[in-house]
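Since the structure comes first, as C-alpha cells, the remarks are kept for the end.
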Amino acid sequence: MTDTTSGQPKPSQPVLVMRGITKRFPGVLALNDVSLECYAGEVHAIVGENGAGKSTLMKILVGAYQPDSGEIVLNGRPVHFRHPREAQSSSLSIIYQEFNLLPDRTVAQNIFMGREPVRRGLIDNRAMVERTQELLAQLKADHYIRPNMLIRQLSVAQQQIVEIAKSLSFEARVLVMDEPTAALSPSEIEILFRIVEDLKKRGIALVYISHRFNEIFQIADRVTVLKDGERVATRDINDVTASGLVHLMVGRELSQYYPPYAKSEDIGAPFVTIQNGGNARLHNINLELRRGEVVGVAGLQGSGRTELARAIFGAEPFTSGTITINGKTVRIDRPRSAIQSNIGLLTEDRKQEGLALKQSVRDNVLLAQRALRGIFSRVTRKAHEDASQLVERVDVRSAGLDQQVQYLSGGNQQKVVLAKWLATDVDLLIFDEPTRGIDVNAKSNIHEIIRQLAQAGKAVLMISSELPEVIGMGDRILVMRDGTIAGELPKGPEETEIMLLATGEQVSI
Amino acid sequence: MSVQSRARLARIRTFIDSLNLPAVYLILVITFVTAYLLTTLFGRGDFLSSSTLTNMMVRSVALGIVAVGQTFVILGASIDLSVAYLISVTAVMASYIMQGETSNIPLALAVVLGIGVVVGTVNGLIVTRLKVNPLITTLGTGLVMHGILNASFDNFVGAVPSSFQVLGYDNVGPVPVSVLLLATVVLLGNFILQRTTFGAHLYSVGGSEETARLSGVRTSRVIIGAHIICSLTAVLTGLFIVSRTGAGAPWLGPDGVYDLESIAVTVLGGTALSGGKGGVWGTIAGVFIFAILATLFNQIGMDTYLRQVLRGLIIIIAVAAYQYRSKEQAA
Amino acid sequence: MMTLNAQTLATLRQRLRWLGAIPPIYVVLIALFVWIWILNPNFSQSTVFLSFLRRATPLLILAAGQLFVIVSGGFDLSVGSLITLTVLGSAVMLDNDPSRTWWVISVMYLIGIGVGLFNAFVVNVLRVSSFIGTLGMLLALKGLALYWSSGAPAGYLPDNFRIFGRGVVEDVPLLGRLPYAVIVLIVFATIAIFIYHGTSLGKLIKTVGDNPQAARLSGVRVSWVRTIAFVTSSVSAVTAGILLGGFAGVSTNVGDGYELEAISAVVLGGAVLLGGQGSVPNAIAGALTLRALFTLLNLLGLSAPVRFVVQGIIIIGAAAYAAYSMRRSSK
C-alpha cells in the first residue's frame, strides 16, 4: 500500500460533490440517495458488484442520464449537465472501457475533433500537432506516441493514454475512469499508475471504478462501496482490508422466495461433460451437467460467463477440449449443431439475439422447430396447437398469438424465448441473465418455471449477476474468474463465499 | 544477394513506406506495366505514344471529376447513385439554354450549378432528416430526374457554342484544357479534405457519426455539404461531356455508367464504403486504372460488351476485396 | 319500421370488422380500377381487362419473386438484365427453330438458377451488400446479353415460344379469350404462394430479414434461406423474360428498368424495405396497382417517363416510412 499523503495537505473543500442522487428506471430503483465527495489530488475508488449502481452514478455525473433528485456541485458551483459534451467542457471527463476514438484518424485529429484550431479560415495543423505534443509530453508518453500516428497503430494502452490526453486538453479537474485496466498487461498497468500519480500531483481528482482489489489498494486513497443502489460506506484505504470490502459489498437477507432445491435423488447422472474446454477467451473448462439439476454460474463482469454459455451453444465455439453428451463425443461448432444436440440458449440480450421483434408470438415460438424440421416443412395445424399449448404452459400474456413480440413486456418476451426452446425438446437449457430487466413478479414466475423444467428432467445452467438469484436457484454454483472456473460451491452458500472466489481474494475469515 | 544490394533494397523499401501511398498505386503501376506488355505483344504497340497517353487522360476527365465528388460522400458514409442522371440533366439544360450562343454561357452555367446545389441539398436532407438509406434516396432522386428529363426531351437538344467546346477539345500548351480542369478539381478536393474544418469533420462523421456528434460536430450539415459537392462535380462532368458532344441528350449520363463507375474507382482507390477513410489521390489512381484498362481493351480489340461484363464484375470484386482487407485489419 | 338499437349496431360493427383487416393496397387497387373505368368504360370488358392483365403479367411475376429477396432483407437489381439476357439469348439459340424451344427454355432456367446462386454467393460468402452486388450483376448480365447477340436484336423467336406471351385460349366460358400469360401467372403465383405461405420458408425468410442474428442462434440456415430467395427471384425473371419475349419481341432493352418497377411494386404492396414483412398476394397486388397507376397516367395524357418520377417518389416514401416506423417502435 502506497503512502497516500504524498506531502500535500488535504484540501478542505471537495472539488466534486454528488449529493442525494436518486434514479429510478421502470421497475427498479437504481440509485437511492447516493452521495459522494472527491478531493483534488486524490484517487477515489468505487467498488460494488454488478448492478450496484456504479455505472448509473457515473452516467448521471457526466450528463448521460438525468437524476430524479439530488444535485452535483463542481468546484463549489452547482452544475446540471444535459449532455456529456457539457460535462467535458466543464472540466469533468470520463474514460469508458470502449474508447471514443476514430481508428483511421491521427492522435492529434482525435484529440481536437470538433474544435480544431483555425488560422485564416483553415485548420492550423502545426498548432494542433504542437499542442498534442505538449499534452503527450505532460504524460511522459511523447517518446512512443506521436501526434501524427493513426489510432489504429496504437496499442490499447496507448489509446487509453490518448484518451487521458484528450481529457487534459479540456483541462479536466475531475477524471472518471471506468475499469481502466481491463485490457492492459501488467507492465502497461504500471505505466498507467505512474500517470495517475502524476495527475494526482497536479491536483486532479480521479474517480476510479474497478473490481480489482490489488490495484485499488495500490493506487487509491479512499474507497466508496455501493450496494443495491446505496452508498454503504466510504473509507480511507488504510482503514480497510480486501475481505472487509467484500463483506461490505455483499451480504443481504434472502428476502425473496425461491422454489425449493432439487432433492439429491432427483438429480440424474452426468449427461453433458466438458473436458478441458478452451478458446480465445476461456481455458481449462471442466464441468458436468446433470438432469434435474440447476447449476448456477456466478462471477464478475468479464470473467467469462457469457463466453462459457456461447461456447457450449456453439455461438463462439470451443477450439480445444471435448464435449460429451450422453456418452457420445459431439462437435459443436455452430448453434445449429448445439440445437440438434438438444441444447438451447436464452441469451443475455433477448431483443438482439433471441427474438425477431416484428414477427408474431407464434412465429417466434415455432422458429427453432421450423429451422430444425427443414426449410420446406409444411405449416401444420398441429404445430399451431403446440404453440398455443406452450404459450399457455409458460404463461405468456399477450393479445393473442398473432401479436408482434415487440409489444410484449420484458418478462413475457423472455417466456416466448423459453417456449421456443421447449418446442424443440431441449435437454439442456442455458439461461444467461434470465431475469434481467424484468419486474419482480415476473421474476418469480420465471424462477418457478426454471425449477419445473429441472423437475421435468432437463439440465439447467443459469448465469446470473444477481447473487441472491444464483444462491436461491442453484443446486450448486460454479464461480468464474478470468476465463476459467475458479471454484465450485454447494447449494446455499454465503454471498461472501461467492464474491471471494470471484475476486480471487483467498482470505480466511 | 550481396550485403550491399540487400541494404540498398532495404533503403528503397523504407523510402517507399515513408511516402505513405495508398496500396492502389501499386495496383496502378502493375496495371500500367501489364497493359504496356499486353498491347505491345497483342495490340497496336503504341501504348506509350503521346496520342494514346493523352487519350487516356481525357478519358479520365469525365469519370475523374465526378469520382472526386463521389469520394466526398462515401467518406461521409453516404453514397450517390443519382450522378448519372444529374450529368444528363446538366448536359441537356446547358445545351438547351446556350442554343449555340456564347452570350448564353453565363446563364447556362448559373442554372446548371443551381440545379446541382438543389439536387445535392435534397439528397442530403432526405438522408439526414428523413433518415432514408442513401442508396435508396439517391436511387429515388435519380429516378425522378430521369423521369422529368425523359418526359421533356427524347433526343439531342439545343447546341453548345464552339467557344464552349474549348473545354472539350482545346489545349493549353501540350496539356488539354479538360485535364487542367480535372487537376484543379482534384487539387481543390484534396485541399478541402485535408486543410479545412469541413474536411476534418467529414472524416470524423464518416468514421463514427455518434462520436463526431458527441464531439460537437454538426453532422447533418457535413453530410449535406458532401452531397452538394458531389452534385456540383456531377454538373462539371456534365458540362465537360456536353462540350465534347456539342449538344445534350438524356442518355449521356446513364450510357457512361458514371454512377457505378465513380463508386468503383473510389472503392478501388482505398476509400472505405463505410466511411472515414481514404481520399481523392486514391480515387484518381483508380480512375487511371480504369482508363488504362479501357485503352487496353480497345487496343487488343476486346468486344465492347465483354468489357461491360468485366466492369460489373470488377465493381463486385473491388468492394469484396476491400471489405476483406478491412476485416483483416480489424482482426 | 326498423329500429336501430345498440345491439344491432354492435353486431353490425363486429360483422364488418374484417373490413379493417384488408390491407390498404387492395383498396387503392380497386379505387384505381374504378378511376380507369370512369375514364375508359371499355375497361370493364373482359377482352380489354384481360389484355391489360396480360401486359402486366411479367411485372406481377417479377414482383412475386422480388418479394422473397426484399423480405429477406436484400435487393435483387439484376432481374431486369436477366430478362434481357433471357430474351436475347433465347432468340439467338432458337433462331426460329421451333423444335429447340423446350430445351432452350430449360437452358434459360438453368442460367437463371446459376445467376441466383451467384448473387447468393456474393452476399453470403463475399459479404458484399446485395444492393451493390446485384447492381454489379445488372451491368455484367446486360453486357453478357449484348455480347451474346452481338449488340443487335439477333435471331428470331418461333411461335411456340412466343405463344406464352402472345397466345390466347379461345372460347373460354365467361372470359372469352384467356391469354396464356395469365395461365402462366396463375401457375407461378400458385407455386410461389405455396412455397412461401404453405411451408416454413416464408416464416424463415421473414425472420432472417427481421433479425439474422437471432435466426442463426435459433438454428436457421441463414445462407440457405437467402440463396433460395435469390434463386426464386432469378427464376421469376426468366419466366417474365419468356413472356416479354413473347409479346414484345426481341430488343436489346426489353428488360430495362424492370428491377426498379419490381421493387416499387413490392414496396407498394406493403413489404417493408428493411425486411421482415410481406406476402406474395400483396406483392402481386402492388404490381397490379403500379400497372394500373401507369395506365391511369397514360389515360390522363401524361407521357411515359412520368412513371419514373412516380417510382422514385414511391421508393423514397416507402423507405422514409420504414425508417420512421422503426424509430417509433424502438422508443
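Could you tell me whether any residue of the stretch A:63-82 is buried (at least 18 other Cβ atoms within 10 Å of the Cβ), modelled with pLDDT of 80 or more, among the polar types (S, T, N, Q) and under 27 Å from the mean Cα position of the chain (by Cα)?
Within the stretch A:63-82, not a single residue is buried (at least 18 other Cβ atoms within 10 Å of the Cβ), modelled with pLDDT of 80 or more, among the polar types (S, T, N, Q) and under 27 Å from the mean Cα position of the chain (by Cα).
Which residue out of B:ALA84, B:ALA110 is surrounded by fewer than 24 Cβ atoms within 10 Å (Cβ to Cβ), of a type in the set (A, V, I, L, M, F, W, C) and under 22 Å from B:LEU181 (Cβ atoms)?
Details: B:ALA84 fails: surrounded by fewer than 24 Cβ atoms within 10 Å (Cβ to Cβ).
Only one candidate passes the filter, namely B:ALA110.
So, restricting to helices (runs of 4 or more DSSP H) that lie completely within the stretch B:209-262, which ones have at least 1 residues that are under 18 Å from B:GLY76 (Cα atoms) and within 12 Å of another protein chain (Cβ to nearest Cβ)?
Details: elements: B:209-214, B:219-245, B:252-255.
Because the criterion is at least 1 residues that are under 18 Å from B:GLY76 (Cα atoms) and within 12 Å of another protein chain (Cβ to nearest Cβ), the helices (runs of 4 or more DSSP H) in the stretch B:209-262 that meet it are B:209-214, B:219-245.
Could you list, in sequence order, all residues of the stretch C:167-184 that are within 19 Å of the chain's Cα centre (by Cα) and outside any strand (DSSP E or B)?
Applying the first criterion (within 19 Å of the chain's Cα centre (by Cα)) to the stretch C:167-184 yields C:179-184.
The answer is C:TYR180, C:ALA181, C:VAL182, C:ILE183, C:VAL184.
Filter the stretch C:123-166 for residues that are more than 7 Å from every other protein chain (Cβ to nearest Cβ), farther than 23 Å from B:ASP80 by Cβ and in a loop (DSSP other than H, G, I, E, B) and give the result.
C:VAL125, C:SER149, C:SER150, C:ALA152, C:PRO153, C:ALA154, C:GLY155, C:TYR156, C:LEU157, C:PRO158
Which fully enclosed helices (runs of 4 or more DSSP H) of the stretch C:216-307 have 2 or more residues being in contact with a Pro (Cβ under 6 Å, 6 or more places away or on another chain)? Don't jump to the end; show me each part of the working.
Details: elements: C:222-248, C:258-268, C:280-299.
Filter on the stretch C:216-307 gives C:222-248.
Say whether the condition of being within 21 Å of the chain's Cα centre (by Cα), more than 12 Å from chain B (Cβ to nearest Cβ) and among the polar types (S, T, N, Q) is met by at least one residue in the stretch C:80-92.
yes
What's the number of the only condition in (1) out of contact with any Ser or Thr (no Cβ under 8 Å at 6 or more places or on another chain); (2) within 14 Å of chain B (Cβ to nearest Cβ); (3) part of a loop (DSSP other than H, G, I, E, B) that A:ASN100 fails to meet?
Of (1) out of contact with any Ser or Thr (no Cβ under 8 Å at 6 or more places or on another chain); (2) within 14 Å of chain B (Cβ to nearest Cβ); (3) part of a loop (DSSP other than H, G, I, E, B), only one is false for A:ASN100: (1).
Mind listing just one residue for me: the one in the stretch B:114-137 that is at the interface with another protein chain (Cβ under 10 Å from one of its Cβ atoms) and among the polar types (S, T, N, Q) and, of those, farthest from B:SER231 (Cα to Cα)?
B:ASN133
Is there any pair linking a residue in the stretch A:1-24 that is within 30 Å of A:HIS80 (Cα to Cα) and modelled with pLDDT under 90 to one that is among the small types (Gly, Ala, Ser) and surrounded by fewer than 16 Cβ atoms within 10 Å (Cβ to Cβ), with Cβ under 8 Å and at least six apart or on different chains, and which?
Matching pairs, first to second residue: A:GLN13/A:GLY76.
Is it true that C:ILE191 is within 14 Å of chain A (Cβ to nearest Cβ), surrounded by 16 or more Cβ atoms within 10 Å (Cβ to Cβ), under 17 Å from C:SER279 (Cβ atoms) and modelled with pLDDT of 95 or more?
Values: within 14 Å of chain A (Cβ to nearest Cβ): yes; surrounded by 16 or more Cβ atoms within 10 Å (Cβ to Cβ): no; under 17 Å from C:SER279 (Cβ atoms): yes; modelled with pLDDT of 95 or more: yes.
It is false that C:ILE191 is within 14 Å of chain A (Cβ to nearest Cβ), surrounded by 16 or more Cβ atoms within 10 Å (Cβ to Cβ), under 17 Å from C:SER279 (Cβ atoms) and modelled with pLDDT of 95 or more.
Which residues, taken from the stretch C:141-170, are acidic (Asp, Glu) and touching a strand residue (DSSP E or B) at 6+ places or on another chain (Cβ under 8 Å)?
From the stretch C:141-170, those acidic (Asp, Glu) are C:159, C:170; that's our starting set.
Matches in the stretch C:141-170: C:GLU170 only.
Taking the criterion of being of a type in the set (A, V, I, L, M, F, W, C), facing chain C (nearest Cβ under 10 Å) and assigned to a helix (DSSP H, G or I), would at least one residue in the stretch B:278-301 satisfy it?
Residues of the stretch B:278-301 of a type in the set (A, V, I, L, M, F, W, C): B:280-281, B:284-285, B:287-294, B:296-297, B:300.
In the following step, the residues that additionally are facing chain C (nearest Cβ under 10 Å) were identified as none.
No, every residue in the stretch B:278-301 fails to be of a type in the set (A, V, I, L, M, F, W, C), facing chain C (nearest Cβ under 10 Å) and assigned to a helix (DSSP H, G or I).
Has the stretch C:213-220 got any residue that is more than 8 Å from every other protein chain (Cβ to nearest Cβ) and not basic (Lys, Arg)?
Let us first name the residues in the stretch C:213-220 that are more than 8 Å from every other protein chain (Cβ to nearest Cβ), namely none.
No, the conditions are met nowhere in the stretch C:213-220.
So which of C:VAL272, C:VAL310 ends up being surrounded by fewer than 24 Cβ atoms within 10 Å (Cβ to Cβ), within 13 Å of chain B (Cβ to nearest Cβ) and either under 22 Å from C:ALA31 (Cα atoms) or modelled with pLDDT of 90 or more (or both)?
Details: C:VAL272 fails: either under 22 Å from C:ALA31 (Cα atoms) or modelled with pLDDT of 90 or more (or both).
Exactly one of C:VAL272, C:VAL310 is surrounded by fewer than 24 Cβ atoms within 10 Å (Cβ to Cβ), within 13 Å of chain B (Cβ to nearest Cβ) and either under 22 Å from C:ALA31 (Cα atoms) or modelled with pLDDT of 90 or more (or both), namely C:VAL310.
What number of residues within the stretch A:122-173 satisfy the criterion of being of a type in the set (Lys, Arg), in contact (Cβ under 8 Å) with a residue 60 or more places away in the chain and either touching a Cys at 6+ places or on another chain (Cβ under 9 Å) or assigned to a loop (DSSP other than H, G, I, E, B) (or both)?
Taking the stretch A:122-173 first, the residues of a type in the set (Lys, Arg) are A:126, A:131, A:140, A:146, A:152, A:166, A:173.
Still in the running and in contact (Cβ under 8 Å) with a residue 60 or more places away in the chain: A:166, A:173.
When the remaining residues are screened for being either touching a Cys at 6+ places or on another chain (Cβ under 9 Å) or assigned to a loop (DSSP other than H, G, I, E, B) (or both), the result is A:173.
Result for the stretch A:122-173: 1.
Starting from residues that are crowded, with 17+ Cβ neighbours inside 10 Å and either away from chain C (no Cβ under 14 Å) or assigned to a loop (DSSP other than H, G, I, E, B) (or both), keep the ones in the stretch A:335-349 and report whichever is nearest to the chain's Cα centre (by Cα).
A:GLU348
With A:ILE449, A:ILE471 as the choices, which residue is of a type in the set (Val, Ile, Thr) and buried (at least 21 other Cβ atoms within 10 Å of the Cβ)? If you could, list the steps in order and put the result at the bottom.
Numbers: A:ILE449 fails: buried (at least 21 other Cβ atoms within 10 Å of the Cβ).
The match here is A:ILE471.
The values are calculated or read from the model by the stated rules, or taken from the named source; none is laboratory data. Fair warning: this is a prediction, and the values are worked out from it, not measured in the lab. Note that we place each Cβ from the backbone using ideal geometry, even for glycine, and neighbour counts take in every protein chain shown.
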